[in-house]
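The values are calculated or read from the model by the stated rules, or taken from the named source; none is laboratory data. All values reported here derive from a predicted model rather than from experimental measurement. Don't worry about glycine lacking a Cβ; one is built from the backbone with ideal geometry, like all the others, and counts go over all protein chains shown. For the accessible areas, the whole protein counts, side chains as well, though only heavy atoms, and no ligand, DNA or RNA atoms are used. Shrake-Rupley method; radii C 1.70, N 1.55, O 1.52, S 1.80 Å.
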Amino acid sequence: MNAITSLTGRRVWDSRGRPTVEVEVHSGPHTGRAIAPAGASTGSAEAVERRDGGSAFGGRDVRQAVANVDRLIAPALVGLCVDDQQAIDAAIEALDPSPSLATVGANAAVAASLACLHAAAATRGEPLWQSLRGSDDGDVVIPLPEIQIFGGGAHAGRRIDIQDLMVMAPGAASFAEALDWTAEIYRAAGAGRTGSAGVADEGGWWPDFAANEDAIETLAAAVGAAGFVLGRDVVLSLDIAASEFWHDGRYRLALEDRDISTDEMIELVSRWCRDYSIASVEDPLGEHDVDGMRAFTAAMGDRVQVIGDDLYVTNAARVADLADAATAVLVKVNQAGTVTRTRAALDAARANGLGAVVSARSGESEDVSIVHLAVGWGAAQFKVGSITRGERTAKWNEMLRVEESLGRRARFAGWQPLHRPATTSVGGPS
Ligand code: PGA
Ligand code: ZN
């Protein structure tokens, strides 16, 4: 048995310049390390990270969470078998009276859980994705990337209401080609912008638009300008993150200074899907508007992927209970708090016929664990933000390395997780 010999916390920095938790685990000569990510548009039922409060860093320091790693988690895990992830995660959960992990801190928990996973792979001398997949030497699915071109919502000072305007390139022959195409689209979308326009939290262009639909139209035009055919080569995808602007049962589109009902929201997003070759929509309705999510899925789910993020918060029980409210689950490790809980949410998605998109957070680091979870667990989609900024490119580039290392065993997911749009067009609606 390879026992955990030491485990320590470290305070490091995330992509928003906020402190976060790193954990380093040793099993004899083998090491594993992981850094907790952090969301901005969080779901209310997520595992809860521990932040210090007070004035430093806007109350977001993590000294207590780091101390909890050393004071609580380390004594509970040292001596356990590093290969037994379920026992490790059960020991972490047992430290906290709350399922939300608020006392220990989901940031401390997730970094510790992932660091152990890395250390276990190190003891086997395997890349983490391989260690998760086991000895099977068949084809390996390389997920379709969902890549942000414009950022909005909570990631861009609420400059527009929609949070993520993204592209997917299912017509590409490989993950590497999908990145090539996306980089051309990113460049086309940025053409003519003034130097001061900058980027949003996940690296997408700052959204300088007068109406939400203008952003979608500009994105569709950029696909055409880059030489791709919408609906054939590339499709658009949105994360509306509608929980962020759902108030008193209405959707407040601040940019357009209007309030709309659930039915009007469903009608609006459905029209966008039809007009702009949108193949995937995340959180089109708010997390508490479950009937709205159900109605949207009933109306559009046979032609558009409907992803639940705030709705499911990577929670297996919520996925099973609300399986008719979307067609796919966003999978974020820190929403769950441990690797075992994350895997359970993915298994619940599969058991209920839902797709799965392994996702980063808006606050990230150079940590590439999720690349390995996505490949090792056979997820067909992967969402990491834009194709700029090191915390994003760290993950895209790691996926390139995995794809290259597989040679002919790599099978790019392409269209497999999506419905093909009925119509194609060059650069948007006619
Ligand atoms: P978050 O945003 O990490 O700020 O929650 C990502 C998402 O909503 O998918
Ligand atoms: Zn989301």
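Taking every protein chain into account, the accessible area of the stretch 278-344 amounts to 26 square angstrom per residue (probe 1.4 Å). Nonpolar atom fraction for the stretch 6-125, defined as the carbon and sulfur part of the 1.4 Å probe accessible area, stands at 52 percent.
Packing around the peptides 364-374, 289-299, taken as the average count of other Cβ atoms within 10 Å per residue, puts them in this order, highest first: 364-374, 289-299.
Between Glu404 and Ser6, the simple spin-label model (points 7 angstrom out along Cα→Cβ) gives 3.4 nm.
Among Leu406, Leu346, Leu165, the largest mean-square fluctuation in a Gaussian network model of the chain, built with springs joining Cα atoms closer than 10 Å, belongs to Leu406. Between the amide H of Gly385 and those of Gln148, distances stay under 5 Å, these residues lying 5 or more places away or on another chain, with hydrogens modeled in the peptide plane.
Direction-averaged shadow area of the convex hull around the Cα atoms of the stretch 46-86, nm²?
On the way: hull surface 16.1 nm².
That works out to 4.0 nm².
Using only Cα atoms, what is the ratio of the radius of gyration of the chain to 2.2 N^0.38 Å?
Scaled against compact globular proteins, the figure is 0.94.
For Ala325, the shell of other residues with beta-carbons less than 11 Å away shows a net charge of -4, using +1 for Lys and Arg and -1 for Asp and Glu. With helices as the sole contributors, the chain gives -10500 deg cm²/dmol at 222 nm; each DSSP H run of n ≥ 4 counts as -39500 (n - 2.57), and the sum is divided by every residue. Rounded, prolate or oblate, given the Cα gyration tensor of the stretch 269-390, with a/c below 1.5 counting as rounded? Verdict is oblate for the stretch 269-390. What is the local net charge at Ala299, summed over the other residues whose Cβ is closer than 12 Å to its Cβ (Lys, Arg +1; Asp, Glu -1)? Neighbour charge sum, excluding Ala299 itself: +1. When you restrict to C-alpha pairs under 8 Å that are six or more residues apart and normalise by the size of the stretch 140-412, the relative contact order lands at 22 percent. Close amide H contacts of Arg232 (hydrogens built in the peptide plane, cut-off under 5 Å, sequence separation of 5 or more or a different chain): Ser425.
Could you tell me what percent of the accessible area of the stretch 140-412 is made up of carbon and sulfur, with a 1.4 Å probe and every protein chain present? Could the numbers behind the result be given before it?
Numbers: 4030 of 8570 Å².
Percent of accessible area from carbon and sulfur atoms in the stretch 140-412: 47.
Taking a ≥ b ≥ c as the square roots of the eigenvalues of the Cα gyration tensor, an a/c ratio of 1.5 or more together with a/b no larger than b/c marks the stretch 44-170 as oblate.
Per residue, the solvent-accessible area of the stretch 6-125 (1.4 Å probe, heavy atoms of protein chains only, all protein chains present) comes to 38 Å².
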